[in-house]
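**Student:** Here you go, one structure.
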Amino acid sequence: MMYLKVKGYRNMLNMTQKQLGEYLGVTKQSYHLKEVGKIQFTDQEKIKFKNLLQSIFPEITIDEIFF
């Protein structure tokens with residue numbers, strides 16, 4: 001399930017839903033809905049998320065994170 005991957009990556013970043021939501025420019029509630037798959041991440045949010053993860057996984061792709 002996609003949301004488990006996104007949550008796992010967020011945990012690897014040692015960030016809360018609130019912190020990652022603020023980084024992406026959304027509220028904690030909005031981020032939570034995205035993480036559990038109720039609403040979709042925008043393309044810009046996907047890019048920002050990937051950029052955060054590149055410090056840990058330099059070769060990671062958006063597809064690996066979200067699909």
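The values are calculated or read from the model by the stated rules, or taken from the named source; none is laboratory data. Bear in mind the structure is a predicted one, so any value in this text is a computation, not a measurement. Cβ: placed from backbone, ideal geometry, glycine included. Neighbour counts: every protein chain shown. We work out accessible area using only protein heavy atoms, side chains counted, and drop any ligands, DNA or RNA first. Shrake-Rupley method; radii C 1.70, N 1.55, O 1.52, S 1.80 Å.
**Student:** Being among the charged types (D, E, K, R) and open to solvent by less than 40 Å² (accessible area, probe 1.4 Å) is the filter here, so list the residues in the stretch 8-36 that pass it.
**Tutor:** Passing the criteria: Arg10, Lys34, Glu35.
**Student:** Given the options Ile65, Ile39, Ile56, Ile60, name the one that is in a helix (DSSP H, G or I) and open to solvent by less than 90 Å² (accessible area, probe 1.4 Å).
**Tutor:** Only one candidate passes the filter, namely Ile65.
**Student:** If you go through the stretch 42-51 one residue at a time, how many are farther than 13 Å from Ile65 by Cα and surrounded by 12 or more Cβ atoms within 10 Å (Cβ to Cβ)? Can you show your working first?
**Tutor:** Going residue by residue through the stretch 42-51, those that are farther than 13 Å from Ile65 by Cα are 42, 44.
If we keep only those that are surrounded by 12 or more Cβ atoms within 10 Å (Cβ to Cβ) as well, we get 42.
The total comes to 1.
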